[in-house]
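Beneath this line is the structure, given in structure tokens, with notes to follow.
The values are calculated or read from the model by the stated rules, or taken from the named source; none is laboratory data. None of these values were measured; they are calculated from a predicted model. Cβ coordinates were reconstructed from backbone atoms using ideal geometry, including for glycine residues, and neighbour counts include every protein chain displayed.
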Amino acid sequence: MIALTEKVFDPGALLSEFCRGRQETGAVATFTGIARAEAGGTSILELEAYPGFTEAEIGKIADQARARFGLHDVSILHRVGKIAPGEPIVFVATAGAHRRAAFEACDFLMDYLKSRAPFWKKEHGPAGARWVEPHAQDHADAARWD
């Protein structure tokens with residue numbers, strides 16, 4: 001599953017559903033990103049995407065992860081719209097025969113989502129609104145996989 005949603009989601013429920021019925025999978029790794037308040041500087045995080053295009057681009061990197069790490073399955077759910085501090089932003093789950101592949105694939109996918117996925121991020125707070133770009137470390141993390 002590759003999907004975008006404006007609704008708050010329950011990572012635990014997503015994990016339970018992702019694991020259901022797996023008899024040959026030896027490992028599932030997950031990552032859940034949560035919106036931060038940035039010490040009171042952010043009251044709302046707003047993410048924009050192009051429906052259809054953004055999912056297709058994420059799907060391409062998910063296909064690369066499946067091939068590169070020999071995964072059984074991948075699930076990515078990413079929020080768009082307005083997100084309050086403490087709410088989940090992204091859920092990534094990877095399933096593979098062994099733990100190393102599942103862990104590395106999850107890390108690979110998150111590095112892509114953080115630095116290269118077609119999202120536009122704006123923080124709203126007491127000082128107004130500002131667009132947010134990936135940090136140098138985000139790009140460095142993603143470059144490890146090139």
| Residues satisfying the stated conditions in the stretch 81-138, i.e. among the aliphatic types (A, V, I, L, M) and in contact with a Lys or Arg (Cβ under 6 Å, 6 or more places away or on another chain) | ILE89, ALA129, VAL132
| request: Read through the list (1) on the phi < 0 side of the Ramachandran plot; (2) surrounded by fewer than 18 Cβ atoms within 10 Å (Cβ to Cβ), then give the number of the only condition that ALA35 fails. | output: (2)
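The rows are residues; the columns are (1) farther than 25 Å from SER16 by Cβ; (2) in contact with a helix residue (DSSP H, G or I) (Cβ under 9 Å, 6 or more places away or on another chain); (3) hydrophobic (A, V, I, L, M, F, W, C); (4) at pLDDT 95 or above.
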site	(1), (2), (3), (4)
PHE69	no, yes, yes, yes
ASP107	no, yes, no, yes
MET110	no, yes, yes, yes
LYS121	yes, no, no, yes
ALA127	yes, no, yes, no
| remark: Cβ pairs under 9 Å, 6+ apart or interchain, first in the stretch 88-108 and part of a loop (DSSP other than H, G, I, E, B), second modelled with pLDDT under 95, ordered by first then second residue, are ALA97/GLU24
| field | Residue that is surrounded by the most Cβ atoms within 10 Å (Cβ to Cβ), among those in the stretch 60-77 that are within 12 Å of the chain's Cα centre (by Cα) and assigned to a helix (DSSP H, G or I) | value | ALA62
| task | Under 6 Å between Cβ atoms, at least 6 apart or on separate chains: pull out the pairs that start in the stretch 28-53 with a residue that is free of Cβ contacts under 8 Å to residues at least 60 places away in the same chain and aliphatic (A, V, I, L, M) and end on any residue that is assigned to a loop (DSSP other than H, G, I, E, B) and surrounded by fewer than 17 Cβ atoms within 10 Å (Cβ to Cβ). | result | ALA35/PRO85; ALA35/GLU87; ALA37/PRO85
| Taking VAL80, is it touching a residue at least 40 places away in the same chain (Cβ under 8 Å) and surrounded by 15 or more Cβ atoms within 10 Å (Cβ to Cβ)? | yes
| Of all the residues that make up the stretch 1-21, how many are surrounded by 13 or more Cβ atoms within 10 Å (Cβ to Cβ) and either among the basic types (Lys, Arg) or not in a helix (DSSP H, G or I) (or both)? | 4
